[in-house]
Every structure is written in structure tokens, then in C-alpha cells.
Amino acid sequence: MKVPFLELKSAYEELRGEIDEAIARSVESGWYVGGPELKQFEQAFASYTGASHTVGVANGLDALHLSLRAMNVGPDDEVIVASNSYIATVLAVTMTGATPVLVEPDPNTHNLDPSKVEAAISRRTKVILPTHLYGQPADLDRLLALATQHGLKLLEDAAQAHGATCNGRRVGAHGHAVAWSFYPSKNLGALGDAGAVTTNDGELADRIRTLGNYGSHVRYVNEVQGVNSRLDPLQAAVLNVKLARLDQWNSRRARIASFYLAELADADLVLPAVPSWASPAWHLFVIQSDDRNALQQRLCDRGVQTLIHYPIPPHLQQAYAGWGFGPGSFPVAEQLAERVLSLPIGPHMTDAQVEHVITAVKAAV
Ligand SMILES: *Cc1c(COP(=O)(O)O)cnc(C)c1O
């Protein structure tokens, strides 16, 4: 049996009728930028996350970057990010000219460790930017308390966390702004690039919308140097259909995760640790192994495709060679990069595929 890491087309096949109809309706409407499908998605996603506002943008990187710009982050500022995050989190900071201050994660939850965050706050810090990595919510209560205590903004990278909850409340309205990606492989994925920011701050939402629209409220009047970053209404039409299925799909992911957790409990692996207050979106199911590369090969031999998220931490990327960090600078992130392995997980995996993964992992460790 073959278990691919991802089967993106299954979601379309499940919803083919509704998606085709939504696309046709969007084309017929005559709105090719902005318009009713986009407005409807922005309202539906705000209501889903519990935030007062959703601003659609072109992708997740722009959601992060425009949020930082709207928070007036610039060259004199520092932004705290996890040393093991995806490159986009760090790129969004350096795009503003600000300095990313890398803080090591808790190796068990893979998320920012609030006690280490506190030690990293300086006079220049403006924003704490946690990533809800792999769909597991970061410790928002403690991070928000720190942000409030030090007069900082909390911006969340929720690109992997659609539907995750923290103390029973969905991610999306805890921090000052929350950045989302609807890249096709995310829990809520479009048929192309798309992104959004959710926030309870109406002025911030307005600034992000203006920045993404050439810095303009009124056509041909430009208040700030903006960019073109808008959520395509065709993608919004698709997202409207898929949003209605998100909770059902996430429940299936959670069921697969609970099988993995129960069945692999005795294997010689480190399984994801979930804090009692968290309910992850299970975007990825990431295990740790001392012998990761050999394990990946043995799983491949048994027909199970796995991926590594992520093999090179940001501080060791050539793109950031100028920082002058090297091996040993962020040992937790470096160790994780050598140990992590993502097993297949997704709403359209069959029970037989899940069982095959479990059997293969047990045989391969
Ligand atoms: C996918 C992702 C992004 C970027 O999203 P794009 O839509 O591809 O720009 C940012 N952060 C994290 C953690 C992601 O997984």
C-alpha cells in the first residue's frame, strides 16, 4: 500500500459540485477584484474565528508583513520569533527592516517558550510573533500577558492553525492581529494563493486594507507607500465552500492524531506533546527520532511518504548568512531540524492508510 504525504485533490473531489458552482457564480458576478464573494468570506471567517474584522490579502507572507507594517514596525524595532519557525515568519520581519530576535522553542510543544521570551524583551522590542507551529496553539495566555505587561503587540502566525483552540476559544481573536495563509495544503486551503488577517482592532484592519490596496482609501489618492495584496474573489468563493467543512475535516485529523498517539505510545519516538488547554488543528503530525533519516528511508521503503518541517532553521539559511550565526547558535532549533519527521495526516486519509502508517512506523523504529 502507498500512503502519499498529501492528496490535495480529494478535498476538491468531495466538494466538486459546490466549488464549481461557486466559481461559476463568482465569474458571472463580474467582480474580478473585491466584490460580494470576498465580502462574504471576510464576514464568515471573522465569525468563525470570533474576530471583529477579517482583511483578505494575497498570501500568508503578506498577512504577516502588512500586519507588522500596520503596527508601525520598522528598522529600529525588534520582533520576537521562534528559532524553529517557517522561513516566512522571519522574512516578514526582515521585509520591514526590523530585526528578528530568535527565541528557542520548547522542544516538546515546538512552540515559543514564554519564559525565554521574557528574557529576550529589550527596549527596542515592538512585537511578539509566535507561530502556532504544526497547528498546535502557542501559549497565548502567557504571551498576551507578557505583551500587555511590556506594552508590546502580539501578532500570531496562524498559517497552520485554522480551527485550533486555546482554552476552548478558536485561534484568531486572542492577539492584536492574527495572520493566516490559505495556501492549498493548509487546513483551510484555496485553489491557489490566498491569505488574511483577523483582528479586533478596527483601525489596524483599516491600515492593513489600505496598505494592501496601494496605500489608498480613495482611488488615485495615496496616503502611504502600499503594495498590491488582495484576496482573489475566485479564491474567496472556493474558501466560502471549504470553510463550511473545516470543523468536520479537523475532527478527522484529530481522530487520526489520537490513533497515532495511542498506537505509537510505546514506540521509541518522541510524540507531539499537547498541553491540557490546547486543542491543535493537527496541520502536521510531527514525531522526533534519534535516527530520523534512516527512519524516513525505512518508511519510504514501506510505501509511507513523510516530509521534514523544516530541515534548515532560519539562522542557518544562506539568505541570512549576514547575521553571522552558525551551527550551535540555536541548539534547540538545530536539534529539532535533525530529529523531526512529519507523518501523513489529512481529512481524506482512509482508515486502512492510517493503519498502514502505524504498522510501518512500528516496524521501522
Ligand atoms: C504557509 C505558511 C506561511 C506563509 O504562507 P503563504 O501563503 O505561503 O505565504 C507563513 N507561516 C507559516 C507558519 C506557514 O506554514
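The values are calculated or read from the model by the stated rules, or taken from the named source; none is laboratory data. Since we're looking at a predicted model, the values are computed, not measured. Using ideal geometry, Cβ is built from the backbone for each residue, glycine included, and neighbour counts are taken over all protein chains shown.
Restricting to the stretch 45-103, what's the tally of residues that are more than 16 Å from the ligand (Cβ to nearest atom), without any contact (Cβ under 8 Å) to a residue 60 or more places away in the chain and in a helix (DSSP H, G or I)? Looking only at that region, the number is 1. When you check residue 215 against the structure, is it assigned by TED's automatic domain parsing to the domain that holds residue 52 and more than 16 Å from the ligand (Cβ to nearest atom), yes or no? For residue 215, the condition - assigned by TED's automatic domain parsing to the domain that holds residue 52 and more than 16 Å from the ligand (Cβ to nearest atom) - is met.
Tell me, yes or no, whether the stretch 195-204 has at least one residue that is within 16 Å of the ligand (Cβ to nearest atom) and over 27 Å from residue 9 (Cα atoms).
There is at least one residue in the stretch 195-204 that is within 16 Å of the ligand (Cβ to nearest atom) and over 27 Å from residue 9 (Cα atoms).
In summary, residue 86 fulfils each of the numbered conditions (1) surrounded by fewer than 24 Cβ atoms within 10 Å (Cβ to Cβ); (2) more than 28 Å from residue 40 (Cβ to Cβ); (3) touching an Asp or Glu at 6+ places or on another chain (Cβ under 7 Å) with the single exception of condition (3). How do the pairs read when you match residues in the stretch 314-333 that are over 13 Å from residue 102 (Cα atoms) with residues anywhere that are among the small types (Gly, Ala, Ser) and part of a helix (DSSP H, G or I), using Cβ under 6 Å and keeping only pairs 6 or more apart or on different chains? Cβ pairs passing all conditions: none. Being surrounded by 21 or more Cβ atoms within 10 Å (Cβ to Cβ), of a type outside the set (Phe, Trp, Tyr) and out of contact with any Ser or Thr (no Cβ under 7 Å at 6 or more places or on another chain): is that true of residue 127 here? For residue 127, the condition - surrounded by 21 or more Cβ atoms within 10 Å (Cβ to Cβ), of a type outside the set (Phe, Trp, Tyr) and out of contact with any Ser or Thr (no Cβ under 7 Å at 6 or more places or on another chain) - is met.
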